Amino acid sequence: MNGKLPLIIECRSNDTDYRKENPNCPHSPQEIVREAVRAWEAGASIFHWHGRDPVSGAWISDVDIYLEAIQGIREKTDLIINPTLNYVTKQSHVSDRVKHILAAKNNPALGIDMVPLEFGSLNIDFWNPQTKQFQTYDQVHISSRAYMQEVLKILKENDIFVSTVCWDVGQIRTALCFREMGLLPENTFWEFVFTGEIMPSGILPTLSNLQAVVDSIPAGEPWLVMCWNGDVMHLAAWAITQGGHVGIGLGDHPYTRFGTPHNGELVEKVAQMAHILGREVATPAQAREILKMPPRDSASHPGKRSSLEDEVIEVR
C-alpha cells in the first residue's frame, strides 16, 4: 500500500454491441462470465453488463439470462456485481426494469451488490463525422423524475446500493435533489459519463469538464469516469492522479487501436497505468470498504486474486 486511495476499476463489458468491430464483446451468459473472470484477474473490482440475446446480441430483459450470469460470476470471482436496470422501451414499467434485480436480491445464493441509476433523459442519436449528419433524429433515452423516484423507493426498501450515473452537471444537481428528499443515500458512487465524437449529448472528455463535474458533488465522495462511445484513456490518467476511479470495457468502445482486446486486457492497461502513476489497484474487498458497502461472506466466493504488490501486470 502506497498511502494513496486504491483505484477502483469497473469493467463495462457489453453496453453497446461492438462485436462487428471487436468479436470479444460478450453476448451469452457464458461469455459474460468469461469476461468477468478476465476482468477480475486483471484488476477490476466491479463488473457491469447488460442482458443480451446470445445469438443476435439484442438487448433483452430475460431474468434467467441475468441470474445465470450472476451465478457464474459469484462462483468464480468476488467481484462487486453491478448489472444494468433492464432494457427500456416506451412500454416499460418500473416493475419490468427491476425484476431481475429483485430476483437476484431474493436469492440468498446470488444477491445483488449495486445498481446504476441515470438521473436524466438524453438524446441518443449518433453523429456521423464523415457525412456531417445524425444517423437518426428521434432517439431519446427517457429517465423521468417520476421513474427515478419510483426506482429509488424500491432500491431503498430493498437496501440496494445505488451508483449515481450522471451525463451532465444538471443530472448531478437532480441527484442531489433526490438526496434532499431522502431517497438517494449519501453513501453512493458517482459515475460520470463522458462521450466520444459520435455521441455529442454527453460531456466532452476534457480536463476542465472533469473538474466541473467533480466540483459539483460533495467533497470527498467517491467518483468514477467512463467514456461512452469514446476512448477513456486520457480521462483515466486524470482520474488516477486526482483520486477518482475508472470504468472501461468493450461496452463503451471497441478499442481497435489495440487490435481486438478482450475486457481483461483493457482493465489490465488501466491497472498498469495506475501502477506507473503510483497508485494501487483496489481488490473487490477494498472497493467495498472505500464505497462503505457491507462485505460479502468470505465463504461465498473463491480465493482472492493477487494484488499488484504480489505480481507485475504485463501490458499487452
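Points to keep in mind about this one:
- Boolean, GLU41 is out of contact with any strand residue (DSSP E or B) (no Cβ under 6 Å at 6 or more places or on another chain), assigned to a helix (DSSP H, G or I) and of a type outside the set (Val, Ile, Thr): yes
- The range 142-165, residues that are in contact with a Ser or Thr (Cβ under 8 Å, 6 or more places away or on another chain) and under 27 Å from MET293 (Cβ atoms): SER143, ARG145, MET148, PHE161, VAL162, SER163, THR164
- Any hit, the range 65-84, residues being closer than 23 Å to PRO222 by Cβ, under 17 Å from the mean Cα position of the chain (by Cα) and among the small types (Gly, Ala, Ser): no
- Some residue of the range 49-68 being of a type in the set (Phe, Trp, Tyr) and within 24 Å of GLU197 (Cβ to Cβ): yes
Residue-by-condition table, conditions (1) closer than 24 Å to VAL193 by Cα; (2) surrounded by 13 or more Cβ atoms within 10 Å (Cβ to Cβ); (3) over 21 Å from the mean Cα position of the chain (by Cα):
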position	(1), (2), (3)
LYS99	no, yes, no
LYS105	no, yes, no
LEU122	yes, yes, no
TRP127	yes, yes, yes
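- Criterion: in contact with a strand residue (DSSP E or B) (Cβ under 6 Å, 6 or more places away or on another chain), over 25 Å from PRO205 (Cα atoms) and not in a loop (DSSP other than H, G, I, E, B) - qualifying residue of LEU155, LEU117: LEU155
- Among the candidates VAL213, VAL162, residue that is in contact (Cβ under 8 Å) with a residue 24 or more places away in the chain, in a strand (DSSP E or B), over 20 Å from GLY249 (Cα atoms) and of a type in the set (Val, Ile, Thr): VAL162
- Breaking point among (1) of a type in the set (D, E, K, R); (2) surrounded by fewer than 16 Cβ atoms within 10 Å (Cβ to Cβ); (3) part of a loop (DSSP other than H, G, I, E, B), for ASP64: (3)
- The residues of the range 216-231 that are within 15 Å of ARG12 (Cα to Cα), touching a strand residue (DSSP E or B) at 6+ places or on another chain (Cβ under 7 Å) and either of a type in the set (Asp, Glu) or without any contact (Cβ under 8 Å) to a residue 40 or more places away in the chain (or both), listed by number, are VAL225, CYS227, GLY230.
- Filter result for the condition that a residue is assigned to a loop (DSSP other than H, G, I, E, B) and either touching a helix residue (DSSP H, G or I) at 6+ places or on another chain (Cβ under 6 Å) or over 29 Å from VAL270 (Cβ atoms) (or both), over ALA109, ALA69, ALA36, ALA103: ALA109
- For the range 216-259, residues that are in a loop (DSSP other than H, G, I, E, B) and not β-branched (Val, Ile, Thr) total 19.
- Flag if ILE32 is within 23 Å of ASP159 (Cα to Cα), β-branched (Val, Ile, Thr) and buried (at least 21 other Cβ atoms within 10 Å of the Cβ): no
- Check on SER28, at pLDDT 95 or above and within 13 Å of ASN263 (Cα to Cα): no
- Contact map, the range 12-33: residues that are more than 17 Å from ASN82 (Cβ to Cβ) paired with residues that are aliphatic (A, V, I, L, M) and in a loop (DSSP other than H, G, I, E, B), Cβ distance under 7 Å, separation 6+ or inter-chain. Pairs shown: TYR18/LEU250; ASN22/LEU250; ASN24/LEU250; CYS25/LEU250.
- Hey, GLU221 under 24 Å from VAL33 (Cα atoms), surrounded by fewer than 20 Cβ atoms within 10 Å (Cβ to Cβ), modelled with pLDDT of 95 or more and not polar (S, T, N, Q) or not: no
- A Cβ distance below 7 Å, combined with a sequence gap of six or more or placement on separate chains, defines the contacts here; from the range 49-75, residues that are among the hydroxyl-bearing types (Ser, Thr, Tyr) reach residues that are surrounded by fewer than 16 Cβ atoms within 10 Å (Cβ to Cβ) in the pairs SER61/ASP96.
The values are calculated or read from the model by the stated rules, or taken from the named source; none is laboratory data. It should be emphasised that the depicted structure is a prediction, and the values quoted were computed from it without experimental measurement. Every residue, glycine among them, receives a Cβ derived from its backbone with ideal geometry; neighbour counts consider all protein chains shown.
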